[in-house]
Amino acid sequence: MPAACRLPARAAREGYHVRMMCDAALSRRRLLACLAGLAGSSPLAALAQAPVGDEARAGPPPPLGTRIELPELPLLDGRTLRAADLQGQVVVLYWWASWCPFCAVQTPLMDKLWQAERARGLVLLGLSIDRKPDDAAAYLAKRGYAFPSAWVTPAVQRWLPKPKGLPVTVVLSRDRRVVMSEAGQLFPEDVEAIARFL
């Protein structure tokens, strides 16, 4: 078995006997989700939760300066986010998933930013890629996150395709132009720095 597919020695010593197959079809994200599952549940269960979809064909986050129009979106809490409600606001698009270990680190920081800056015109729009909207809603409720979040349906995916990676953070200025576009987990100081766009 190639070294890249072996479990760390510590995991092997602690009794994890999992044979992972190296296969070109096994995407990096699915592999990371599987490895994250070693911490508390079956790795196969974690692998089954990782969405397959179009990640292999996903492109990079949108380039700076790109204009993005926001449609009306049904939110996980039953409300509808209307484009008119976002006029004059700085909008942060945040793709996340309940099973993503990197999102678990960044999401509390994003919620804290939204709580601190929403009165100044910051809107955080979570875009969950969980397989089921109920999983995403339960995750938010369990942790007490209140930022608006939608489930990425095929219609949402056509409107704004999810860029490669997770989490993905895209900041839109008040005129809907991309001013920040990052794939991968942000450091706390990077999340705090989003406030500079207000």
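The values are calculated or read from the model by the stated rules, or taken from the named source; none is laboratory data. Everything quoted here is computed from the prediction, not taken from an experiment. Using ideal geometry, Cβ is built from the backbone for each residue, glycine included, and neighbour counts are taken over all protein chains shown. Note: accessible area is taken over every heavy atom of the protein model, side chains too, but ligands, DNA and RNA are not part of it. Shrake-Rupley method; radii C 1.70, N 1.55, O 1.52, S 1.80 Å.
Residue by residue through segment 148-164, note down the ones that are in a loop (DSSP other than H, G, I, E, B) and without any contact (Cβ under 8 Å) to a residue 40 or more places away in the chain. Please lay out each step first, then the result.
Of segment 148-164, the ones in a loop (DSSP other than H, G, I, E, B) are 148, 152-153, 160-164.
Result: 153, single match.
Within segment 166-198, the set of residues being open to solvent by less than 70 Å² (accessible area, probe 1.4 Å), without any contact (Cβ under 8 Å) to a residue 24 or more places away in the chain and either assigned to a loop (DSSP other than H, G, I, E, B) or acidic (Asp, Glu) (or both) comprises just one member, 190. The one condition from (1) open to solvent by 60 Å² or more (accessible area, probe 1.4 Å); (2) in contact (Cβ under 8 Å) with a residue 40 or more places away in the chain; (3) among the polar types (S, T, N, Q) that residue 115 does not meet is (2).
Criterion applied to 57, 131 was being open to solvent by 10 Å² or more (accessible area, probe 1.4 Å) and out of contact with any helix residue (DSSP H, G or I) (no Cβ under 8 Å at 6 or more places or on another chain), and the one residue passing it is 57.
Could you go through segment 57-67 and let me know if any residue there is of a type in the set (S, T, N, Q) and at pLDDT 95 or above. Spell out the reasoning first.
Here is the first cut: in segment 57-67, the ones of a type in the set (S, T, N, Q) are 66.
With at pLDDT 95 or above added as a condition, the list becomes none.
No: segment 57-67 contains no residue that is of a type in the set (S, T, N, Q) and at pLDDT 95 or above.
Can you say whether residue 141 is over 16 Å from residue 95 (Cβ atoms), of a type in the set (A, V, I, L, M) and free of Cβ contacts under 8 Å to residues at least 12 places away in the same chain, as far as the supplied structure shows? Against the criterion (over 16 Å from residue 95 (Cβ atoms), of a type in the set (A, V, I, L, M) and free of Cβ contacts under 8 Å to residues at least 12 places away in the same chain), residue 141 qualifies. Checking each residue in segment 80-111 for being assigned to a helix (DSSP H, G or I) and within 16 Å of residue 139 (Cα to Cα) picks out 101, 102, 103, 104, 105, 106, 107, 108, 109, 110, 111. Residue 183 satisfies every condition listed in (1) more than 13 Å from the chain's Cα centre (by Cα); (2) on the phi < 0 side of the Ramachandran plot; (3) among the small types (Gly, Ala, Ser) except (1). From 160, 172, which residue is among the hydrophobic types (A, V, I, L, M, F, W, C), modelled with pLDDT under 95 and within 17 Å of residue 83 (Cα to Cα)? From the options 160, 172, the qualifying one is 160.
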